[in-house]
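A.B. asks: Submitted below is the structure of interest, expressed as structure tokens.
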Amino acid sequence: MVKIFISLFAVSCFTLSSCNNLQTKQTETVSADDAALNKKYHLDKITLPAGFKISVYAEVPNARSMTLSPSGILYVGNRGEENVYAVVDENKDGKADKVYKIATGLNTPNGVAFKDGNLYIATINSILRLDNIEAHLQDPPKPVIVYDKFPTDKQHGWKFIAFGPDGKLYVPVGAPCNICESKDPIYASITRMNPDGSAPEIFAHGIRNSVGFSWHPLTKKLWFTENGRDEMGDDVPGDELNTAPDSAMLFGYPYCHQGNILDPEFGKGKNCGDYTSPVQVLGPHVAALGMRFYTGKMFDSSYTNQVFIAEHGSWNRSKAVGYKISLVKLDANGKSLGYAPFAEGWLQPDGKVLGRPVDVEVMQDGALLVSDDYSGAVYKITK
């Protein structure tokens, strides 16, 4: 594999051949570079429904939350590192050609969002903006501070961000603890603001920590994942998939978990019926992070407007769970029809971890991208 490094205003770039499987009637053609990447990232261990394939789209260190611009450039944030990357398919052949480091030295820049030619980046306590970024991938501008008044707590301080149909930027603020009752209402919430940082407000309350959300393609209502608390045992509470069709809704934390379990400390005197229940209770401690509705045409129509969820995987359960992409199927009224694995194998039967999915994103051609911060890659699932 050929690698080219460019040193311009703290920019790095390398050439990458992705594993874009080309299938004939009986034979699958894979280049030598693609086969090497498949082996490096153990993609032969990943199981998918019949007819689906997985390949390496790009190698991105500590790849976390993702966003796609209208031009097809993929932006990827970091949690364990301090950088933000732009992944470019220059010749539009479905393979990433270059990866640019467009920001560095930031405080946990996990979240990224794109609007009107500008890239928004969420750090622990601020929202930054890179203006006209696609004209300056090799000489990125200095980040502009949009908003810098979020709490500085590290625990649950990393952020997923996205622009809603109302044009506002939505930003979660996790609880600064495993379980606690905070006096400041900003904690355990999802907030929103104008693109210039003005008019910040709390949109939804009682959300322990959300690191992934999206809007239903038809109803335009917010849906989000939520991580359940620890230290109540291996099997409870489950993580959650929720929807917030209106503002000011209450989702239970720290009083009620998974819609029906009162907290042993903070749930005394409370009633789970006073809070909005999840659409789907997910696995316990699976660390459900990024989620997207499938809006592409590549997959069967049965996947249209259904929910893909990246499960990062448990960290303190006696037997590990998660480490996969799950699918929640919904009916026309937004009720869950079931919850099942879609792509798995990053956690092997012997407990060996091969990867940890963080986020999912639907490409213009309908392929599904998956980021993996454990292995430092972005995968592409096609059919």
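The numbers here are math on the coordinates, done by the rules we state, and not lab data. Note that the structure is predicted; figures quoted are calculated from it, not measured. Neighbour counts run over all protein chains shown; Cβ positions are idealised from the backbone, glycine included.
A.B. asks: For the stretch 48-101, what is the charge dipole size about the Cα centre, in debye to the nearest 20, if Lys and Arg each add +1 at the Cβ and Asp and Glu each add -1 at the Cβ?
C.D. replies: 140 debye
A.B. asks: Please sort 171-183, 342-354 by packing, taking for each peptide the average over its residues of neighbouring beta carbons within 10 angstrom, highest first.
C.D. replies: 171-183, 342-354
A.B. asks: Short version: ³J(HN,Hα) in whole Hz for each residue of the stretch 252-258, in order, from phi by Karplus 6.51 cos²θ - 1.76 cosθ + 1.60 (θ = phi - 60°), x for Gly and Pro, what are they?
C.D. replies: Rounded to whole hertz, the list is x, 5, x, 8, 9, 10, 6.
A.B. asks: Answer with one residue from Phe160, Thr191, Tyr339: the one whose Cα lies farthest towards the positive end of the charge dipole of the chain, charges on Cβ with Lys, Arg +1 and Asp, Glu -1.
C.D. replies: Tyr339
A.B. asks: What's the FRET efficiency of Asp139 with Glu201 using the Cβ-Cβ distance as r and R₀ = 35 Å, to the nearest 0.05?
C.D. replies: Between Asp139 and Glu201 the formula returns 0.45.
A.B. asks: Based on the alpha carbon coordinates of the chain, what radius of gyration and maximum Cα-Cα distance (Dmax) apply, in Å?
C.D. replies: 20.1, 64
A.B. asks: Here is a further query. About the Cα centre, and with charges only on the beta carbon of Lys, Arg (+1) and Asp, Glu (-1), how big is the dipole of the stretch 22-382? Nearest 20 debye, please.
C.D. replies: Approximately 220 debye in magnitude.
A.B. asks: Tell me, what is the FRET efficiency for Lys268 and Asp235 to the nearest 0.05, using R0 = 25 angstrom and their Cβ-Cβ distance as r?
C.D. replies: 0.70
A.B. asks: Report the relative contact order of the stretch 152-308, percent, no decimals, based on alpha-carbon pairs under 8 angstrom and at least 6 residues apart.
C.D. replies: 18 percent
A.B. asks: Check which residues have an amide H placed less than 5 Å from Ile102's amide H, if you skip close sequence neighbours.
C.D. replies: Val84, Tyr85, Ala86
A.B. asks: Can you compute 3J(HN,Hα) from phi for each residue in the stretch 268-273, using the Karplus curve 6.51 cos²θ - 1.76 cosθ + 1.60 with θ = phi - 60°, rounded to whole Hz and x for Gly and Pro?
C.D. replies: Here the 3J(HN,Hα) series is 5, x, 9, 9, 4, x Hz.
A.B. asks: Shape call for the stretch 154-296 from the C-alpha gyration tensor, a ≥ b ≥ c root eigenvalues: rounded (a/c under 1.5), prolate (a/b greater than b/c) or oblate?
C.D. replies: prolate
A.B. asks: To the nearest Å, what is the center-to-center distance of the stretch 299-378 and the stretch 180-239, using C-alpha atoms only?
C.D. replies: Between the Cα centre of the stretch 299-378 and that of the stretch 180-239, the gap is 19 Å.
A.B. asks: Sequence neighbours fewer than 8 away in the same chain don't count; with that in mind, list the aspartates and glutamates whose C-alpha is under 16 Å from Lys98.
C.D. replies: Hits, sequence-local ones excluded: Asp33, Asp34, Glu59, Asp89, Glu90, Glu134, Asp139.
A.B. asks: Sticking with this structure for a sec: Just report the Cα centroid separation between the stretch 85-101 and the stretch 262-288, whole Å.
C.D. replies: Measuring centre to centre over Cα atoms gives 42 Å.
A.B. asks: Test of understanding: what is the full-extension gain from Asn132 to Glu181, defined as 0.36 nm times their sequence separation minus their Cα-Cα distance?
C.D. replies: That pair, Asn132 and Glu181, stretches by 13.5 nm at full extension.
A.B. asks: Sticking with this one: By its C-alpha gyration tensor, with a ≥ b ≥ c as the square roots of the eigenvalues, how is the stretch 267-335 shaped: rounded for a/c under 1.5, else prolate for a/b larger than b/c, else oblate?
C.D. replies: Oblate.
A.B. asks: Further question: Evaluate the relative contact order of the chain (contact order divided by residue number), counting alpha-carbon pairs under 8 angstrom at least 6 apart; express in whole percent.
C.D. replies: Relative CO of the chain lands at 14 percent.
A.B. asks: Are there any trypsin sites (Lys or Arg not before Pro) in the stretch 224-270 that are in a DSSP loop and have at most 16 other Cβ atoms within 10 Å? List them by number.
C.D. replies: Of the trypsin sites (Lys or Arg not before Pro), the ones in loops of the stretch 224-270 whose Cβ has at most 16 other Cβ atoms within 10 Å are Lys268, Lys270.
A.B. asks: Using amide H atoms built 1.01 Å from N in the peptide plane, name the residues 5+ places from Ala204, or on other chains, whose amide H lies under 5 Å from its own.
C.D. replies: Here the answer is Ile190, Ala248, since their amide H atoms fall under 5 Å of that of Ala204.
A.B. asks: Between Trp315 and Asp331, what is 0.36 nm times their sequence separation minus the Cα-Cα distance? Round to one decimal in nm.
C.D. replies: Stretched out fully, the Trp315 to Asp331 stretch lengthens by 2.5 nm.
A.B. asks: Report ³J(HN,Hα) in whole Hz for each residue of the stretch 73-88, in order, from the Karplus equation J = 6.51 cos²θ - 1.76 cosθ + 1.60 where θ = phi - 60°; Gly and Pro get x.
C.D. replies: 7, 9, 10, 10, x, 10, 10, x, 10, 10, 10, 10, 10, 10, 10, 10
A.B. asks: On to the next question. For a 24 Å ceiling on Cα separation, which of these pairs sit above it: Lys40/Lys101; Lys40/Lys324; Lys319/Lys380?
C.D. replies: Listed pairs above 24 Å: Lys319/Lys380.
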